Every structure is written in structure tokens, then in C-alpha cells.
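Taken together, the values in this text are just the output of simple stated rules run on the coordinates, not laboratory data. From a predicted model like this one, the values you see are computed outputs, not experimental measurements. A quick note on method: Cβ atoms are made from the backbone with ideal geometry, for glycine too, and the neighbour counts reach across all protein chains shown.
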Amino acid sequence: MGPDIELAAFAAVESLRLTGLTVATAESCTGGMIATALTEVPGASAVFRYGWVTYCNEAKEELLGVPPLLIEQFSVVSEPVVAAMAESARRRAHADLAIAVSGNAGPTAADGEPPVGTVCLALAAAGRPIHTETLHLVKLNRSDIRRLVTRQALNLIVRASSELRNT
């Protein structure tokens, strides 16, 4: 995965461990890379609860309970959909935090979908508003998009656990 992701994963696991928090993942375009990065870190079992790879719409609907109308209204690559994925993953895993990603890593975009390089992330934390963001990673290849999104997701976990530690 690369040293940058390994370092971010170590920081995420350590931050979660220090705060006594747990995390779950709900991934689409990263295909399990976030969960893999976390579980590569020794001691991850103390903080990692569950991981879902919900690559197709049906998986998001059936495994995470994302309403089909939400996907139809906003697109699978949207902040409302990843927010629903993250909150559902957090609740279903009984985790303190959950990270969710959905995006278009290419090589092409389907009709009506956002362009290649558009990726939405959400982080749900118990008792807090869901954080969402959209990345526009133009001119990157599929592998680079997936790696950058994985690193960003891990950084969001570090930031959220640090913020919760300081409250």
C-alpha cells in the first residue's frame, strides 16, 4: 500500500487505542483498502469492529440499509449516501466511529454519475454531526485515487479520535 498509508494507519490505530474508541468501515471505491490498512497494524483488534465492502448499490441497500430513494435522488457518489453508509455502519457495528467512502475511480463514468476522480467520504461519531467531504481528484489514475482516498479516510479517523479525546 505504501509507507504513507502504513503511517496513517498506524496513527489511526494508535489514536483510537489511546482514546478507547472503536471504528467500523463501509467502503465502495476503495474495495476494503481502509480496513486492510487498519488491520495490518498490530493491535488493531482492540479498535477495529467491522468492515463492509459495498461495491454495488444493492450491497449498500441490503447490507447497510441505505434507502434506494436516497441513491436515486442524489447518486451513489454523494455526501448524503456516504453519510447514510457511515451512520449505518457505526450503529450496526456498535462502534464509536465509522468511515464511509463512495466514488468513481475510473476509468470511465456511467451516465448521470459524477466524473472520474469524484469521491465522497463521511465520518460518523456517536453524538456528533456526520462529517462529509467531496474530493475531486482529477488527472489521477485509478490506483492513485484509491490510495489517496484511503490515506484521507485514515487521516479523518485520526482527526476525529483526537477531537473526541480533547472533549
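Length available on full extension from Ala46 to Glu14: 0.36 nm per residue minus the Cα-Cα distance, which gives 10.5 nm.
What separates the Cα centres of segment 115-161 and segment 50-106 is a distance of 13 Å.
What does the charge count around Ala95 come to, taking other residues whose C-beta lies under 15 Å from its C-beta (Lys +1, Arg +1, Asp -1, Glu -1)? Here the count lands on +3. Shape analysis of the chain based on the Cα gyration tensor places the equivalent ellipsoid semi-axes at 24, 18, 13 Å, largest first. Using the crude model of +1 on Lys and Arg Cβ and -1 on Asp and Glu Cβ, and no other charge, please compute the dipole size for segment 1-75 relative to its Cα centre, in debye to 20. Computed about the Cα centre, the dipole is about 240 debye. Looking at segment 3-165, the DSSP beta bridges with both ends there are about 60 percent antiparallel. Here each label is just a point 7 Å from Cα along the line to Cβ, and for Gln73 and Ser162 those points are 3.5 nm apart. Computed from the C-beta positions of Arg142 and Asn57, the FRET efficiency with R₀ = 22 Å rounds to 0.65.
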